[in-house]
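Taken together, the values in this text are just the output of simple stated rules run on the coordinates, not laboratory data. Quick caveat, the model's predicted, so the values are computed rather than measured. Here Cβ is always computed from backbone atoms with ideal geometry, including for glycine, and neighbour counts include all displayed protein chains.
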Amino acid sequence: MEKLVSSWYKNKSLPESYKFPPETRPGNLLVHTSKTIPVIDLVQNRADIVRKILKSSEEYGFFQVVNHGVPEDVMNGSMDVFKEFFEMPAEDKAAMLHSEDPRNRCRLSTSSANYAWEKVHHWRDKLRHPCLPLQDCIKHWPEKPIRYREVVATFSTEITKLGLRILELVAEGLGLESEYFEGKLSESMMLSVNHYPPCPDPSLTLGLSKHCDPDLITILHQGDVYGLQVFNNGEWIGVEPLHNALVVNIGNLLQIISNDKLKSVEHRVVTNSRVARTTAAFFISPSDDSIIEPAKPLIGDVSVYRACEFKEFMLHYLPNLENNEVVMKHFKLQA
Ligand SMILES: O=C(O)CCC(=O)C(=O)O
Ligand SMILES: [Fe+2]
């Protein structure tokens, strides 16, 4: 089993296996700071919120929300336990590294899901576990730090509520019934806690290479350290960390259901040499057997995509995750 970056990175130079080829490495880390994704205040006139969410989802595939209702102490408390988790001694974390039990659905890993066959490794460690239904999942969550289960359960319950609220606003904006995404379509929520230690050469490597998320929406708490970049109009733009804001992005499945009206946009993570960056991404997804297809009222003259089960989507997504065009083309009706 591969070793976590956080257990060996200190006083090391960047290993060859982490150096991306020139065309995909970030190189110059300066990106447009004048351009960034929209920030939407969720306490304002509902029609304005809906309009802004739709516009941002069409143009950027991304937006940030403020006044979102998730209490500040819950957000901060969770970030503290996530950081504490990655600061624990390697032995404490190792217990979770080698689980042979497929039902042990809490996984600690490094780089991407493709570590064994990827050409270049990513400067990232990741703790991943499902969050719904909470009562079934929580017993598989880390037992250390001792506050982990209690604090993360509260955070996850708040994010579930916010996610459903955002999906309801999206449904309204698309002209679908408000409950369109309720039930099986949003039954599952996976949490990825990403940890990007300080990196000896951020210009040569990535914390996470470009990808789209294979879900409906992702809600990300990116903390106070910069690193997330979004591809927009042929260039990378940085997502400014705003205290207490949450970043929301449209996943591949919402692009399909909206018949290409909303965009699932490629994003990546750059590292820095000064401080560790810890982020929490909640992926809201359907049950495995849910049918994913353009919503009937949005088809008009042309359905861009064929119907597929979510598990079929995932089977095709995983081996192609760095090439979103290939992923989406497989489900398109016209080549
Ligand atoms: O850590 C971040 O800023 C983004 C993480 C992300 O894109 C992902 O986990 O899919
Ligand atoms: Fe992502």
State whether segment 1-140 is rounded, prolate or oblate according to the following rule on the C-alpha gyration tensor (a ≥ b ≥ c being the square roots of its eigenvalues): a/c under 1.5 gives rounded; otherwise a/b larger than b/c gives prolate, and the remaining case gives oblate. oblate
Computed about the Cα centre, the charge dipole of segment 137-226 from +1 Lys/Arg and -1 Asp/Glu charges at the Cβ has a magnitude in debye, to the nearest 20, of 420
Out of Arg165, Arg25, Arg46, a Gaussian network model of the chain with alpha-carbon springs under 10 Å gives the largest mean-square fluctuation to Arg46
Residues whose modelled amide H sits under 5 Å from the amide H of Ile292, counting only those 5 or more places away in sequence or on another chain, are Cys308, Glu309, Phe310
Setting aside same-chain residues fewer than 8 positions from Lys19, which lysines have a Cα under 22 Å from its Cα? Lys3, Lys10, Lys119, Lys126, Lys210
Could you identify which residue out of Glu240, Glu72, Glu187 has the top mean-square fluctuation in a GNM of the chain using Cα springs shorter than 10 Å? Glu72
Residue-by-residue Karplus 3J(HN,Hα) for segment 193-206, coefficients 6.51, -1.76, 1.60, Hz, glycine and proline x: 9, 9, 10, 10, x, x, 10, x, 8, x, 6, 9, 9, 9
Estimate the FRET efficiency between Asp48 and Asp80 by the formula 1/(1 + (r/R0)^6), using the beta-carbon distance for r and 30 Å for R0, to the nearest 0.05. 0.30
Suppose a student asked you for the relative contact order of the chain, using Cα pairs under 8 Å spaced at least 6 residues apart; what percent would you report? 21
Spatially proximal lysines relative to Lys311 (Cα-Cα < 17 Å; intrachain offsets below 8 disregarded): Lys184, Lys329, Lys332
Report the residue, chosen from Ala280, Ala90, Ala245, that carries the largest GNM mean-square fluctuation when the chain is represented by alpha-carbon nodes joined by springs under 10 Å. Ala90
Give the residue from Val50, Ala281, Val151 lying farthest towards the positive end of the charge dipole for the chain; charges sit on Cβ (+1 for Lys and Arg, -1 for Asp and Glu) and the dipole is referred to the Cα centre. Ala281
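Ile291 to Asn11: FRET efficiency via 1/(1 + (r/R0)^6), r the Cβ-Cβ distance, R0 41 Å, to the nearest 0.05?
0.20
Return an integer: the convex hull volume of the alpha-carbon atoms of the chain, in Å³ per residue.
136
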Could you grab the relative contact order for segment 245-335? Cα pairs under 8 Å, six or more apart, rounded to a whole percent. 26
Within segment 230-251: backbone nitrogen closer than 18 Å to the Glu87 label point (7 Å, Cα to C-beta): none
Can you return the lysines within cross-link range of Lys52? Criterion is Cα-Cα under 19 Å, with same-chain partners fewer than 8 residues away left out. Lys35, Lys261, Lys263
Each residue of segment 304-315 in order: what ³J(HN,Hα) in whole Hz does its phi give by Karplus 6.51 cos²θ - 1.76 cosθ + 1.60, θ = phi - 60°, with x for Gly and Pro? 6, 10, 8, 7, 8, 7, 4, 5, 5, 4, 5, 4
Once R0 is set to 41 Å, what does the formula 1/(1 + (r/R0)^6) return for the Cβ-Cβ distance between Glu58 and Asp136, expressed as a FRET efficiency to the nearest 0.05? 0.65
In the chain, if the dipole is taken from +1 on Lys/Arg beta carbons and -1 on Asp/Glu beta carbons about the Cα centre, which of Trp123, Pro71, Asn259 is farthest to the positive end? Trp123
Return the calculated 222 nm mean residue ellipticity for the chain, to the nearest 500 deg cm²/dmol, obtained by summing -39500 (n - 2.57) across DSSP H runs with n ≥ 4 and dividing by the residue count. -7500 deg cm²/dmol
